[in-house]
1. Among the aspartates and glutamates, select those whose C-alpha is under 18 Å from the C-alpha of K38, and discard any that sit fewer than 8 residues away in the same chain.
2. How much length, in nm to one decimal, is gained on full extension between R95 and R117, taken as 0.36 nm per residue of separation minus their Cα-Cα distance?
3. Pairs of alpha-carbon atoms within less than 8 angstrom and 6+ residues apart define the contacts here; what relative contact order does the stretch 32-185 have, in percent?
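What follows draws every value from the coordinates through simple rules; no lab data is involved. Because the structure is a prediction, the values reported are computed rather than measured.
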Amino acid sequence: MDLLRRLLLVLSISIGVLYTEGGPALADGRMTREYDLKAIFLFQFAHFVNWPASTFPDSAAPITIGVLGNDPFGAGLDEVVAGETVGSRRLVVRRFRTIDQVDTCQVLFICSSEATRFEYIHSKLSGRSVLTVGETKDFASRYGIVGFDVQRNRLRLRINVAAADSAKLTISSKLLRQAELVPKG
């Protein structure tokens, strides 16, 4: 069983445990298991997506995972990518309050707090090679490339290949086989 398939199995089981044990929020306010799992996925996406060379200012530039809006990850996302690399590129995490702050970013998680601004965000990212990831209903079919969807206690991926093509991104068939492919619009 390859790495991605094992990761999806673990995530499915973990999401099931998460929702059968009383819901997504932990009593002491720590980051939920759901966002721990989503952080792992954001890290893994960097391994299964290829960006055009022009996306990076030079060969030593890092792959940036950005979080736009009210960050649900806390320090968990930073912990997942700490010291990690993809090829020769190290991974870094940056947080953005507004889309206008997003300069260099290859993977951008757009928080649900930004739902009323999705159209504007989408227009600001048009023509840029950014893997957009969200968790709101119909995110992948309307605004972005990858949508997280929790159905029947399982975390599912929804991927819009046409949107990825428009962003000049190549998504590995290994990842595509694990996701539901959705049409744009």
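1. Leaving aside aspartates and glutamates fewer than 8 places away in the same chain, those within reach of K38 are D71, D78, E79, E84, E114, E135, D138, D149, E180.
2. 6.2 nm
3. Values: 273 pairs, mean separation 32.6, N = 154.
In percent, rounded to a whole number, it is 21.
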